[in-house]
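Undergrad: I'd like to ask you about the structure that follows.
The values are calculated or read from the model by the stated rules, or taken from the named source; none is laboratory data. Just so we're clear, the structure is a prediction, and the values are computed from it rather than from any experiment. Counting neighbours? That spans all protein chains shown, and the Cβs are built from the backbone with ideal geometry, glycine included. These accessible areas exclude ligands, DNA and RNA; they are computed on the full protein's heavy atoms, side chains included. Shrake-Rupley method; radii C 1.70, N 1.55, O 1.52, S 1.80 Å.
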Amino acid sequence: MINALVVDLIGETRRRIEEAAPASVDEVRSAAPLVAFSTSVLAEAEALKAFLRDKLYRHPEVMRMTAKSRRIVRELFDAFHAEPRLLPADHQARAMHDGPRAIADYIAGMTDRFAIKEHRRLFAIDERT
């Protein structure tokens with residue numbers, strides 16, 4: 001599917017450039033869009049996007065996981081911001097100096113599994129933590 005989209009995009013773009021035959025940057029800027037899918041592939045690509053949006057990206061299970069992920073990231077950020085000493089030692093100094101940016105960078109570098117584990121370590125109430 002991706003190959004078909006790429007091949008069509010290249011072919012249609014080539015056709016449009018040849019048809020417009022721009023001789024300068026200004027002519028390129030004033031021309032109709034030169035890079036595009038063909039009409040038939042554009043319709044198919046739009047249908048594919050709508051399908052994926054409705055059946056995959058907005059699937060209830062995906063939406064639940066997205067909400068959980070947002071909550072985990074927000075709670076980690078809030079905890080580290082309120083108490084930078086919860087961060088690993090090598091990140092504490094930067095958090096004291098750069099504040100929210102350093103905390104956001106630290107969280108952005110986490111894998112999903114590590115973020116979940118770290119969230120449990122900070123927020124789970126059980127005898128093991």
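Undergrad: Calculate log10 I(q)/I(0) of the chain for q = 0.17, 0.21, 0.22, 0.23 Å⁻¹, where I(q) comes from the Debye formula with a single equal point scatterer on each Cα and nothing for solvent.
TA: Cα-only, vacuum Debye calculation for the chain: -0.88, -1.15, -1.22, -1.28.
Undergrad: How many percent of the accessible area of segment 64-129 is carbon or sulfur, using a 1.4 Å probe?
TA: 55 percent
Undergrad: In addition: Between Ala50 and Ser69, what length in nm is gained on full extension when 0.36 nm per residue of separation is reduced by their alpha carbon distance?
TA: On the way: separation 19, 0.36 × 19 = 6.84 nm, distance 2.39 nm.
Result: 4.5 nm gained on full extension.
Undergrad: Sticking with this one: Multiply the residue gap between Leu86 and Leu34 by 0.36 nm, knock off their C-alpha separation, and tell me the result in nm, one decimal place.
TA: Working: separation 52, 0.36 × 52 = 18.72 nm, distance 5.26 nm.
Gain on stretching Leu86 to Leu34: 13.5 nm.
Undergrad: What number comes out for the charge environment of Arg64, summing +1 per Lys or Arg and -1 per Asp or Glu over other residues with Cβ under 12 Å away?
TA: +3
Undergrad: State, to one decimal in nm, how far the label point of Ala124 lies from the label point of Thr111, with both points 7 Å from Cα in the Cβ direction.
TA: Taking the simple label geometry, Ala124 and Thr111 are separated by 1.7 nm.
Undergrad: Turning to a different aspect of this structure: Only residues of segment 34-62 count here: report those whose backbone N is under 12 Å from the spot 7 Å along Cα→Cβ of Glu19, or say none.
TA: Only 34-40 pass the distance filter.
Undergrad: Do any trypsin sites (Lys or Arg not before Pro) in segment 55-84 lie in a loop, going by DSSP, with at most 16 other beta-carbon atoms within 10 Å of their beta carbon, and if so which?
TA: Arg58
Undergrad: Could you tell me which helices of the chain pass both thresholds, a Cα extent of 18 Å or more along their own axis and a mean Kyte-Doolittle hydropathy of at least -0.5, with helices taken as whole DSSP H runs? Walk me through the numbers before you get to the answer.
TA: Values: long enough: 2-20 (27 Å, 0.05); 39-52 (20 Å, 0.94); 60-82 (33 Å, -0.31).
Both cut-offs are met by 2-20, 39-52, 60-82.
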